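What follows is calculated from the coordinates using simple rules that are stated; it is not laboratory data. Model, not experiment: these values are computed from the prediction. We place every Cβ from the backbone using ideal geometry, glycine too, and count neighbours over all the protein chains shown.
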Amino acid sequence: MARIFSGIQPSGELHIGNYLGAVKNWVALQHEHPAFFCIVNYHAITVPYTPEDLRRRTREMAVSLFAAGLDPARAVVFVQSDVPEHTELAWVFNTLTPLGELERQVQFKDKAGRQEQVMAGLLNYPVLQAADILLYLADIVPVGEDQVQHLELSRVIARNWNARFAPDAPLFPEPQPRLTPMRRIVGLDGQAKMSKSLGNTIGLLESPEAVWDKLRPAVTDEQRTRKRDPGEPERCRTVYPLHKAFSTPAVVAEVEANCRSAGWGCIDCKKALHASMTAELAPIQARAADLAARPMAVDELLADGGQRARRVARETMAVVRDRMGLDASA
Ligand code: AMP
Ligand code: TRP
């Protein structure tokens, strides 16, 4: 059966962008496939950080993931640095990755533009990502749209390795992205993708009051300046897409009708969204509070996930070492 792998940066708590774009889909897929979900702390150290902060954000991300519904009885949930084979395979893949492929990655150019000094690890970031996925021989990678180019590169790397070291019976699958309709959630400014580093997020664990303070001023249909002007749901890049994610079909239909007829102003529409969001987020927040109060339990779940992941990773590396002639002293 097709295997699932995906990763997430240890950016602290989930926000509704990475929740709707990826993690909600992980929760669904864990029931249908063998699945591995990884908190990618080796990726996180490619930009400036402090160790204490990274440790805290890693734990917080684990709490968010379990609270959002990842079930350790179904999926393997672990921290990347607990499985050193990730960096081992990444080194191997570095020797099979054309430099030009790395230099043209949009995310690299974007992040490099924001750094004073660009380290080699930032350039090689997608090579480590390919190693993450291929170590588990994963076929399907549920991600948001921003990761599609990285996955293209993972397929190039898989193809290069197979052609060179296993031409008759390929070891690595060519992993495909699995996108959802929520593949790109826009920040509340209505401009860029919702992202922690841009400061335009709504946290999954934020209180209903804090969520309302962010929703109230969110940019909607900019051509609708007065409440009595009829609106156009498709022109609203913030509130309407979130209704489609959080509200029932009946509420979405009501929103569309009342926007077009100017029956509701944008504030009414935001109030309805707030109610839908609170309904979905309340049980997640209750689970998160419970887990946050039991840090040892979270550490144990992660340690167990790390061991289960490592068993699979070791098997793959044994084949890789054998095929590449790296086992001469074994
Ligand atoms: P990150 O939190 O950047 O590590 O991303 C984790 C996952 O969430 C990746 O699959 C991303 O593609 C996805 N993701 C992050 N931000 C967004 C967003 N604003 N809209 C949709 N998907 C997102
Ligand atoms: N680069 C991904 C992001 O920023 C995180 C990631 C690392 C990942 N390794 C992965 C995603 C493997 C999918 C598969 O969101």
Residue separation times 0.36 nm, minus the C-alpha to C-alpha distance between ASP327 and GLN307: what's the value?
4.9 nm
Degrees, to the nearest 10: 249-260 long Cα axis against longest axis of the chain:
50
Quick one: Cα convex hull volume of region 196-289, Å³ per residue?
96
For TRP91 and ASP213, what does the FRET efficiency come to when R0 = 41 Å and r is the distance between their Cβ atoms, rounded to the nearest 0.05?
0.30
At 37 °C in a medium of viscosity 0.692 mPa s, region 154-236 has a Stokes-Einstein diffusion coefficient, with Rh taken as the Kirkwood radius over alpha carbon pairs, in µm² per second, of 193
Given labels modelled 7 Å from the Cα in the Cβ direction, how far is it in nm from LYS244 to ARG294?
3.8
Just add up the charged neighbours of VAL63: K/R +1, D/E -1, any other residue whose Cβ is under 12 Å from the Cβ of VAL63.
+1
Residue exposure sequence - THR180, THR248 - by fewest surrounding Cβ within 10 Å
THR248, THR180
For region 159-208 and region 1-76, what is the separation of their C-alpha centers, rounded to whole Å?
12
Measure of compaction for the chain (Cα Rg per 2.2 N^0.38 Å)
1.08
Net charge of Cβ neighbours under 15 Å - reference VAL47; Lys, Arg +1; Asp, Glu -1:
+2
